[in-house]
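Below is one structure, written out as structure tokens; the observations come after it.
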Amino acid sequence: MILPNPQEIEEFMRRPNYRPSRAREISRRLGIPKEGRRNFKKILRKMVHEGKVLRIKGDRYLMSDRVENVDIKDLPGYLTKTQTGGRVIGKFKRTGKTGMLIPRNLKVPHLYVEIGDEKRIRGDSLVVAEILSNKRQSRKLAVRVVDVLGKAGRLDAEFKGLLAEYGLTKGFPKEAIRESNQISSKLIAKDLARRKDLRDIFIFTIDNDDAKDFDDAVGITRIDSGYKLWISIADVSHYVKLGSSIDNDALQRGTSIYLPDKVIPLLPGRLSNEICSLNPNSDRLTKTVEIDFNHHGVMSGYRIYNSVIKSRYRLTYTLASELLNKNPNRRSRRKELIEKLHVMKELYEKIRERRVESGELSFDIPEPELIRDELGRTVDVIRLQRNIAHGIIEEFMIAANNAVAKFMFDSNISTIYRIHERPDISSFKDLAKDIRQLGYSLETKGQIKPKDIQRLIFESQNKPEKIAVNTLILRSLKRAIYSTKRKGHFGLALKHYTHFTSPIRRYPDLVVHRVIDSMINEGIMHYNDEALEWISNHSSIKERCADEVEREAIKLESVNMMKSHVGGKFGGIIISVLSFGIFVELKDIFVEGFIPKEKIKNRYKSNFKIGHSIRVQIEDADVERRRITLDLIS
């Protein structure tokens, strides 16, 4: 039995006498037998996903660019719900006397541009358009162009389109800027009242090379029972008052967004980079979690209080790692700093040992890092290099978040937790099935435990299928979210967890700081349960949005860079095998490309397995679709 290919289906739907029809009617008119209808529907669904075909009310199908013959009321709900005042991003194409908008969202059909609007727009421009309410008897859906971003396919225009797609703005409201300018950077006696003075404690920051906002600093010393660790966090709640313009704007943003060459911050720069940032040799207001660990790296006690600190050094992860390679007993201008780093490393290794025993999931999926030339152009994409300093800071922040969450839970106070629920048993069984094909086993009987998944991660280390195993596990897990219910963190194998350590860049952390304030100062609780629930849900949504934008921005720059490599041949590793093609990670440049099914020629997908090495050629780097298309060589 031979099914029609997508091109043949398109030709059929473009016939002059074709009217939107259901899958069964289309298959009958194409002469497809009953036993082939199920697979035919799969082809149609794939065409819908790719934006070539539109599925309208009544489960009827038509080509996306033939929507002019469809009544608005028959269009899909995701479009009709926003038909008044809704906005779409797309490429403008001239069609006779008027023009058409081809939306970037492939699920949205092609739309007509309002007559007269096309005169001021060049063809192939990337535009932002507003969907007009229906006012014509023809009931055609039209748009009015409200912004022209530039030529589609150019990196600057596509980047603007990405920000517009997610409704992001880099600037701040005038009132928020005015408020931030009125905040004094000088500390007075009133600011220091009821705060513990830690300015004599040796405390310093460790951050990325290009970081400008330092919201955490650490200090350590040995004590008779083991170790004492100070984690001091910028006291943003002292400056950003609940209900202020700065606060309201930060609530809407939810989080800072870190793009390849810029940051869309949560707070105005005067606060994030100056007043709140724990810059070296400057007195700064903080909230400190002071934790005692025994000689085995187990937390034995903690205290949480408002404080004032003076950071001694601003270290980068790279510099901290280099200093850890120096002998702490040798004379050096930084002798005390090197000694503290070695004590931190000693404690870190003991904490890691305990947390591995508890079943913490430590994924090994490399992140991309863009390399730029002197003009700021991306010239390479490499795997982000992590060192022991990254691990030290991560573990110390986890310890602080754990202590704060336990403190709030034991105090029986309403707050926001960071939770990561156990995976569903169905997802776990799917994982076991997928992992079996890679030569690994996973027991699915009884309660799902982090240690069961942790074993798979360890077993796949240094194996070709390592990334595939880690990726399959991640897909099977639920997302970590914010919640007012303490449900524990499955991935970290902790009963109590929250986000407290980054109030400069995450709004939930600022909320937790205010909750802590109401407890340690015996003040009025600022939030009721309903407000906390809303903030939790809203912040989870904003976090997902930020993740998507950051991922798409890196993909956009990577694909743009790969335009200069079209025709080039590379080695790659198969990371995913699907019914419609194969995803490949290149070895020399850390980017991902796709081999469509039709380019695999007469070979069956069963010949290709995750983790196998192959040779590919770069066929196309489509910036508009953010996709690299590969051709199989061998």
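Since every read-out is calculated from the coordinates, none of them should be taken as a lab result. Please read all numbers here as calculations on a predicted model, not as lab measurements. Glycine gets a Cβ as well: all are built from the backbone with ideal geometry, and neighbour counts include every protein chain shown.
For this structure, a couple of remarks:
- Where Cα atoms sit under 22 Å apart: lysine pairs in the range 429-485 separated by 8 or more or lying on different chains: 19
- Put simply, when 353-363, 464-474 are sorted by average Cβ atoms within 10 angstrom per residue, most first, you get 464-474, 353-363.
- Here the chain was treated as a single set of alpha-carbon atoms; its pair distances binned every 20 Å from 0 give 15, 45, 32, 7, 0 percent.
- Listed residue pairs exceeding 21 Å between alpha carbons, taken from Lys228/Lys287; Lys186/Lys228; Lys151/Lys542: Lys186/Lys228; Lys151/Lys542
- Measuring against 19 Å, Cα to Cα, the residue pairs Lys52/Lys555; Lys196/Lys310; Lys310/Lys345; Lys212/Lys406; Lys174/Lys241 contain Lys52/Lys555; Lys310/Lys345; Lys212/Lys406 as the ones spanning a longer distance.
- In order along the range 218-231, the phi-based Karplus estimate (6.51 cos²θ - 1.76 cosθ + 1.60, θ = phi - 60°) of 3J(HN,Hα) comes to 10, x, 8, 8, 7, 10, 4, 8, x, 9, 10, 10, 9, 10 Hz; Gly and Pro are listed as x.
- 0 to 90° range, to nearest 10: angle between helix 507-520 axis and the chain longest Cα axis: 30
- Approximating the spin labels as points 7 Å out from Cα along Cα→Cβ, the Glu369-to-Thr316 distance works out to 0.9 nm.
- Measuring between their Cα centroids, the range 355-400 and the range 534-604 lie 19 Å from each other.
- Only Cα pairs under 8 Å and 6+ residues apart enter the sum, and on that basis the relative contact order of the chain stands at 10 percent.
- Per-residue packing, averaged as other Cβ atoms within 10 Å, sorts the ranges 366-377, 557-568 into the order 557-568, 366-377, beginning with the highest.
- Maximal additional length on extending the Ser185-Asn248 stretch stands at 20.5 nm, based on 0.36 nm per residue less the C-alpha distance.
- Amide proton proximity set for Thr501, modelled H, under 5 Å, gap of 5+: none
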